[in-house]
Amino acid sequence: DYDPGVGFVTRTDYTAVEGRFAYGWKLGSSSPLLRHGLSLSGFAIRRNQDGAIESGELLPQWNAETKSGGDGFVRLRISREDLLEPFSLADQAEVPAGRYTFSNVEAHYGTSWSAPLHTGFDLKAGTFYDGWQVSWGASPEWNVSKHLCLGGTYQFSQVEFPDRGQRFTAHLPG
């Protein structure tokens, strides 16, 4: 019952390149931040068959860690996809074959891992193929003891392709 339409297909006959540059600062005693930094990362996957960029991303990011143990980031994700075949995201939405460039802004904040209850919060909004997407999520974890941690995740996504009149909502518990 394997469904390659969910996106987990091994690529063949490609060339990939990726990289990351980062610089950070440790802050003084008067700052609530322990450290923060800037980074730029990205990748490109080129089809050897025709030399086209099949997938690529560029991610400028600012990240920080607080003295209380929390951490977070804000980043811009610029994506490029060259689809040779259409694919379905849900029964209500299909992405046609074509070349797409889209971007979104993502933010994350997580409370201290050493607290009895650690929670991560995520927010993402922007363009998505030839439409748009807004999503948010939370991932609470309860440190029951030093040997046991219980947790879960929940993500909500709203995706719409207005030019095609397609949309769907996804609730992903985990």
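Which net charge results when you count Lys and Arg as +1 and Asp and Glu as -1 among the other residues whose beta-carbon is under 12 Å from that of Trp136?
That sum, taken over residues with Cβ under 12 Å, equals -1.
Please work out the average accessible area per residue across the chain, using the 1.4 Å probe convention, and give it in Å².
Here the per-residue accessible area is 64 Å².
Net charge near Arg164, counting Lys/Arg +1 and Asp/Glu -1 over other residues with Cβ under 11 Å of its Cβ? Please list the in-between numbers first.
Working: positive: Arg167; negative: Glu94, Asp130, Glu160, Asp163.
For residues surrounding Arg164, the net value is -3.
Answer with a single label: of [x] 9, 26, 32, 23, 9, 1; [y] 9, 32, 34, 18, 6, 1; [z] 8, 16, 10, 7, 7, 7, 6, 6, 5, 5, 6, 6, 6, 3, 1, which was calculated as P(r) over Cα pairs in 10 Å bins from 0, in percent from the structure in view?
Read-out taken from this structure: [x].
Under 17 Å from the Cα of Lys26, which aspartates and glutamates turn up, not counting those fewer than eight places away in the same chain?
Filter leaves Glu65, Asp71.
Just want the answer: with Cβ charges of +1 for Lys and Arg and -1 for Asp and Glu, which residue in Pro140, Ser68, Ala22 is farthest toward the dipole's positive end in the chain?
Of the candidates, Ser68 comes out farthest on the positive side.
With the full set of protein chains in place, find how many percent of the accessible area of the chain is carbon and sulfur; take the probe as 1.4 Å.
Working: 6570 of 11220 Å².
The value for the chain is 59 percent carbon and sulfur by accessible area.
Could you give the dipole magnitude of the chain about its Cα centre, charging the beta-carbon of Lys and Arg +1 and that of Asp and Glu -1, in debye to the nearest 20?
With only Lys, Arg, Asp and Glu charged at Cβ, the dipole is about 900 debye.
Can you give the local net charge around Thr111? Use residues other than it whose beta-carbon is closer than 14 angstrom to its beta-carbon, Lys and Arg +1, Asp and Glu -1.
Neighbourhood net charge equals -3.
Hey, how many Å between the Cα centroid of segment 105-174 and the Cα centroid of segment 7-52?
Comparing the Cα centres of segment 105-174 and segment 7-52, I get a distance of 21 Å.
The values are calculated or read from the model by the stated rules, or taken from the named source; none is laboratory data. Since the model is a prediction, treat every value here as computed from it, not as a measurement. So basically every Cβ, Gly included, is an ideal-geometry build from the backbone, and we count neighbours across all protein chains shown. For accessibility, only protein heavy atoms count, side chains too; no ligands or nucleic acids. Shrake-Rupley method; radii C 1.70, N 1.55, O 1.52, S 1.80 Å.
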